[in-house]
Amino acid sequence: MRGHDDRSLDRRAALRLSASAALAAAVLKIGPAWAEKPPGDAPFVSEIAPGVYAHKGHVALYGPANGGDISNAGFIVGRDSVAVVDTGGSARVGANLHQAIRSVTQLPIRYVINTHMHPDHVFGNAAFEADQPAFVAHHKMARGLSARTERYIAINKEAIGEEAFAGTKIVLPTMPITETTKLDLGDREIVLEPQKTAHTDNDLIVRDSRTGTAFLGDLLFSEHIPTLDGSIVGWTAVLNALSATPAQRVVPGHGPPSMAWPDAAKPIQHYIQVITDEIRVLLKDDRTLSDAVATVGRSEKDAWQLFDDYHARNVSAAFAELEWE
């Protein structure tokens, strides 16, 4: 282990603070001008398995061009009730999801489940308050989301404008999940699996037992470059464990509405491993954070959209973690 003195401790704290601030800026980065409705006539959701529906968000920065609709979401319909999985990046996106649900079923919406705390996945919660569901999330999400509320609201509102952001607010969980939990939708059981720190410290997986469909949230990215807000070592461990767990199909947090498993994990596992291995080599040679940002993972540039917007921040966050392992 590397030696610790007062100067190294100060440097460690500074690196962690810098990485955290960079990640927050990356998640909330402002994009181009917005048209009121997204282009195209594609349906808002597609049925990816019997009774399981998914919405594909834009692979883009959060901004006016997409009204904050940049992440995947979905819902599961049981005999007696509905469970929603993530709600999009604004109350308007959430309302579009709500309307899509009502085009399929009039059953009560009993659960609104968030896979983690990032705004593009939780800001649509407000559109479901009138249904009086249980708002379900990892037990650490309320703390993390509360700590970032003021910043998330201010920057996202500025990003898409007051009209598009109207009605959007933080809706905190009412049902925290501390261990594997089963919910019954009526002749349909869904299983909630809280994870150790990976993409964030509050990742939650939702599995539909009937169809073998798993909503992985941002533990899985496709097309869109991954963004690190937790632990790169932990993310590797979680993905390795999940890859050994069967699923008929998975819904990533960003990318296609449905993917085959475990093949869907291979690109993100490769990206994370490249960053981890190359940073460790630099650290062994006593190289700096600047060296890492300039060189690490550049071979991955053509494999991911939005690479230039997020990659350097991922390297900064990983460097801050791996320097002290």
So which residues in region 280-301 are of a type in the set (Val, Ile, Thr), in contact (Cβ under 8 Å) with a residue 12 or more places away in the chain and under 16 Å from Ile232 (Cα atoms)?
Val293, Val296
Selection from region 188-238 of residues that are open to solvent by 10 Å² or more (accessible area, probe 1.4 Å) and part of a strand (DSSP E or B)
Glu189, Val191, Glu193, Pro194, Arg207
Pick from Asp302, Asp286, Asp291, Asp277: which is among the acidic types (Asp, Glu) and either under 28 Å from Ala60 (Cβ atoms) or at pLDDT below 95 (or both)?
Asp302
Scan region 240-265 for residues that are among the polar types (S, T, N, Q), farther than 17 Å from Leu204 by Cα and surrounded by fewer than 19 Cβ atoms within 10 Å (Cβ to Cβ) and report the count.
1
Can you report the number of residues in region 133-160 which are of a type in the set (Phe, Trp, Tyr) and farther than 12 Å from His118 by Cα?
1
For residues in region 177-187 being part of a strand (DSSP E or B) and free of Cβ contacts under 8 Å to residues at least 40 places away in the same chain, which is surrounded by the fewest Cβ atoms within 10 Å (Cβ to Cβ)?
Lys182
Report the residue count in region 139-194 for those that are closer than 20 Å to Ser81 by Cα and of a type in the set (Phe, Trp, Tyr).
0
Starting from region 233-262, keep only residues that are at pLDDT below 95, then list their pairs with residues that are of a type in the set (A, V, I, L, M) and open to solvent by 10 Å² or more (accessible area, probe 1.4 Å) whose Cβ atoms are within a distance under 6 Å, requiring at least 6 positions of separation or different chains.
none
With respect to Ile155, determine if the residue is among the hydrophobic types (A, V, I, L, M, F, W, C), buried (at least 23 other Cβ atoms within 10 Å of the Cβ) and within 19 Å of Tyr62 (Cα to Cα).
no
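The values are calculated or read from the model by the stated rules, or taken from the named source; none is laboratory data. Note that the structure is predicted; figures quoted are calculated from it, not measured. Cβ: placed from backbone, ideal geometry, glycine included. Neighbour counts: every protein chain shown. Each accessible area value is taken on the protein alone, full model and side chains, heavy atoms only, with ligands, DNA and RNA left out. Shrake-Rupley method; radii C 1.70, N 1.55, O 1.52, S 1.80 Å.
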